[in-house]
Structures are given as C-alpha cells and as structure tokens.
Amino acid sequence: MKEVVFIRQNIEKWRATEAIIDDIDNMSPDVLADAYVETTSDLAFAQSHYPQSRITMYLNNLASALHNELYRAKREQWTRLITFWTREVPATMRRERRALLVSLLIFVVSAFIGVVSQLGDTEFCRVILGNGYVDMTLENIEKGNPMGVYGNDDELPMFLGITLNNIFVSFVEFAMGMLTTFGTGFKLFQNGVMLGSFQTFFFQQGVGFESMLAVWLHGTLEISAIIVAGAAGIVLGNGWLFPGTMTRLESFRQGARRSLKIVVGTVPLFIVAAFIEGFFTRHTEWPDAVRLTIILASLAFVLYYYVYLPNCKKFN
C-alpha cells in the first residue's frame with residue numbers, strides 16, 4: 001500500500017484519537033485501550049513499510065501519549081457504573097451503527113417473510129409457534145380473551161422467568177457471532193419470522209389490533225433489545241471475519257470487547273420489558289390510550305438512546 005493511501009484511509013481515525021487524548025479525563029479505560037491497540041497496530045504497519053517516514057514518527061508519538069495515559073495509575077471511580085450507560089454504550093453504538101442497521105434490516109425482512117408465509121398458509125404459525133400454543137390461543141379467542149396467555153401465571157414469577165429467558169436469548173444471539181456474522185443473522189431471522197407469523201395469525205382471527213396493543217406494550221423494548229443484541233453478535237462475528245490491518249486474533253478481541261459492551265447494555269431493557277409483560281400486559285381492560293402511551297414512550301426512549309444520543313456531537 002502506498003503511504004499516501006495509508007494516510008488517507010486512517011487520517012480521520014488518528015484525528016479522533018487526538019481528540020480522545022485532549023479529552024482524556026472524560027474517557028473510559030476501554031475507549032483508551034481500543035484507541036491504543038488500533039494506534040499501535042497502525043504504527044507496526046508503518047514501521048514495516050515506511051520506517052523513515054514522518055507518519056511513523058507521528059504514530060509513535062501518538063501511541064506513546066496513549067500509553068502514558070492508559071497505564072497511569074488511576075483508581076476506578078464508582079461513577080463508572082453510570083458513565084457505562086450514559087457514555088460508553090452510546091459511544092460504542094455510534095461506532096457500530098452500521099451493524100445496528102444490518103441487524104434491523106435482517107429482522108424486518110425476516111418478519112415480512114413471516115407475514116407472507118402466514119398469509120399463504122394459515123397453518124404456518126403451527127410450525128413456528130407449535131400446535132399447543134396455537135390451540136390454546138384459539139380457545140382464548142373463542143372465550144373473548146385473546147391475550148389470556150399473559151394472565152396464566154402470577155406476576156412476580158412470570159416477571160423473573162421472562163427476565164432470565166430474555167437475557168439468555170440475547171446472549172445466545174450475541175454468542176452466535178462466534179460462528180461468524182451468519183450465526184447471529186440466523187437467530188435474527190428466526191425471531192423475525194416468528195414475530196411476523198405471530199402477528200398475522202391474530203389479524204386473521206380478527207383480533208389484530210388488540211394483539212398489537214398487548215404484544216407491543218412490552219415488545220417495543222423487548223424486540224428493540226433483540227435487534228441491538230443482534231448488532232452485538234454481528235460486531236463479534238465481523239471482528240475475526242474482517243480483521244483489516246490487525247491480526248485476526250487482535251481484531252477478534254477488540255470486536256468481542258465492543259460487542260460485549262453492547263449486549264450488556266441491553267440488560268436494563270430486557271428487565272423493564274419483562275416487568276411490563278409480567279405486570280401490565282395482562283390488563284387488557286386498560287384503556288387503549290394508556291397502553292398506546294406506554295408503547296409510544298418506550299419507542300421514544302429506544303430512538304433517543306440508540307439513534308439520537310449516539311449521534312450527538314460529544315460522541316462524534
């Protein structure tokens with residue numbers, strides 16, 4: 001690679017690293033570590049190909065500055081617990097916004113496939129959801145309580161069970177990234193097809209609007225968290241699938257660090273979604289306006305935290 005091409009490809013990243021050093025007091029150790037690894041990787045490349053170049057000297061100085069800050073003795077403050085969600089997760093989402101977009105597209109397309117499949121074959125939902133669940137739901141619809149499944153268990157056990165299950169599902173979706181990006185893509189596809197056929201089934205039974213109010217009461221946060229967890233799995237898979245100028249192992253380590261941060265950041269969403277599903281969703285007698293307000297508030301939070309906040313200037 002010619003030196004001018006090397007500089008052109010990486011100059012913006014180096015400027016961002018300079019900005020990190022200038023704002024060092026507000027940067028987390030993980031951000032510094034990521035910047036240090038990438039800078040030393042670029043330095044090693046420059047030393048091999050342009051040993052006498054000024055760009056090699058520049059990168060050496062940049063790496064030295066990061067090294068001094070990274071290994072300077074600092075006691076971790078308790079505020080890290082707050083800054084993790086207010087700064088680190090949004091900053092990581094800013095960097096991995098393409099992975100989030102890919103995850104969203106996979107989910108939307110697979111949900112559409114679920115819709116089309118259910119429209120083409122009314123028995124398709126039995127393949128996806130199982131005969132037991134479909135038959136039980138049909139009985140509930142005949143009784144005039146289509147969302148009766150959400151009221152079968154006590155609130156607290158249901159809340160705890162849903163929380164653990166959702167977190168487990170998200171981490172499985174994330175871990176599937178170790179089988180390359182296609183592993184996570186397959187899990188997203190499964191969830192999308194399930195949602196598409198599930199919602200279409202209720203519309204075919206004439207209770208589509210009621211099902212949407214009930215399902216999306218908790219599903220707005222839950223489905224959003226699944227899509228974000230899918231983005232984490234894509235980042236993990238891309239880490240070793242596309243190493244760039246780094247070694248494959250080092251690229252995988254960096255991808256694992258960033259993706260783990262993303263998936264851990266979804267845990268509060270799953271907890272709140274499970275709380276809503278366990279305690280609120282069963283109350284189908286609540287006014288539609290109340291349930292719609294909760295859905296819109298959940299959607300507003302997701303858009304703010306995962307779209308607006310990562311694109312604020314402080315994360316650029």
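The values are calculated or read from the model by the stated rules, or taken from the named source; none is laboratory data. Predicted model only: the values in this text are computed from it and were never measured. Glycine also receives a Cβ, built like all others from the backbone with ideal geometry; neighbour counts cover every protein chain displayed. Heads up: the accessible areas ignore ligands, DNA and RNA and are worked out on the full protein's heavy atoms, side chains in. Shrake-Rupley method; radii C 1.70, N 1.55, O 1.52, S 1.80 Å.
Could you work out the relative contact order of the chain, using alpha carbon pairs under 8 angstrom and six or more residues apart, expressed as a whole percent?
On the way: 350 pairs, mean separation 70.3, N = 316.
Result for the chain is 22 percent.
Within the chain, which whole H helices from DSSP have a Cα span along their axis of at least 20 Å and a mean Kyte-Doolittle hydropathy of 1.0 or more, if any?
Working: long enough: 3-22 (26 Å, -0.13); 29-49 (30 Å, -0.03); 54-70 (24 Å, 0.04); 97-120 (34 Å, 1.77); 155-175 (30 Å, 1.25); 181-204 (34 Å, 0.45); 208-241 (44 Å, 1.27); 248-264 (24 Å, -0.34); 288-303 (22 Å, 1.96).
Span-like helices, by this rule, are 97-120, 155-175, 208-241, 288-303.
Would you list which aspartates and glutamates come within 13 Å of Lys261, measuring only between C-alpha atoms, while excluding same-chain residues fewer than 8 positions from it?
Output for Lys261: Asp30, Asp34, Glu88, Glu96.
Give me the accessible area per residue for the chain, probe 1.4 Å, as a whole number in Å². Present the calculation step by step, with values, prior to reporting the outcome.
On the way: 16590 Å² over 316 residues.
That works out to 52 Å² per residue.
Which is the longest stretch in the chain that no exposed loop site breaks, taking sites as GluC sites (Glu not before Pro) with a DSSP loop state and at most 13 other Cβ atoms within 10 Å?
Formally, the longest exposed-site-free interval is 124-284.
Specify whether the C-alpha gyration tensor of the stretch 83-157 places it in the rounded, prolate or oblate class, a ≥ b ≥ c being the square roots of the eigenvalues: rounded for a/c under 1.5, otherwise prolate if a/b is larger than b/c and oblate if not.
oblate
Springs between alpha-carbon pairs under 10 angstrom, Gaussian network model over the chain: which of Trp286, Trp216, Trp85 fluctuates most?
Trp286
Over the stretch 160-249, what percent of the accessible surface lies on carbon and sulfur atoms, probe 1.4 Å? Don't jump to the answer; show the numbers that get you there.
On the way: 2770 of 3590 Å².
For the stretch 160-249, the apolar C and S fraction of the accessible surface comes to 77 percent.
For His49, what accessible surface area do you get with a 1.4 Å probe? Give it in Å², rounded to 10.
Probe radius 1.4 Å; accessible area of His49 about 100 Å².
Would any residue of the stretch 93-109 have its amide N under 20 Å from a label point 7 Å out along Cα→Cβ of Ala19? List them or say none.
Flagged as within label range: 93-100.
Students sometimes get this wrong: rank Tyr36, Tyr305 by accessible area, probe 1.4 Å, all chains present, largest first.
On the way: Tyr36 50, Tyr305 20 Å².
Order by accessible area, largest first: Tyr36, Tyr305.
Given only helices, namely DSSP H runs of n ≥ 4 each adding -39500 (n - 2.57), what is the per-residue ellipticity at 222 nm of the chain, to the nearest 500 deg cm²/dmol? Write out the running numbers ahead of the final one.
Values: 14 runs with 236 residues, N = 316.
It lands at -25000 deg cm²/dmol.
Who wins for biggest fluctuation among Phe107, Phe189, Phe124 in a Gaussian network model of the chain, springs between alpha carbons below 10 Å?
Residue with maximal mean-square fluctuation among Phe107, Phe189, Phe124: Phe124.
Could you work out which residue, out of Gly177, Gly244, Gly265, moves most in a Gaussian network model of the chain, that is, has the largest mean-square fluctuation with Cα springs under 10 Å?
Maximum fluctuation in the GNM of the chain, among the listed residues, is at Gly244.
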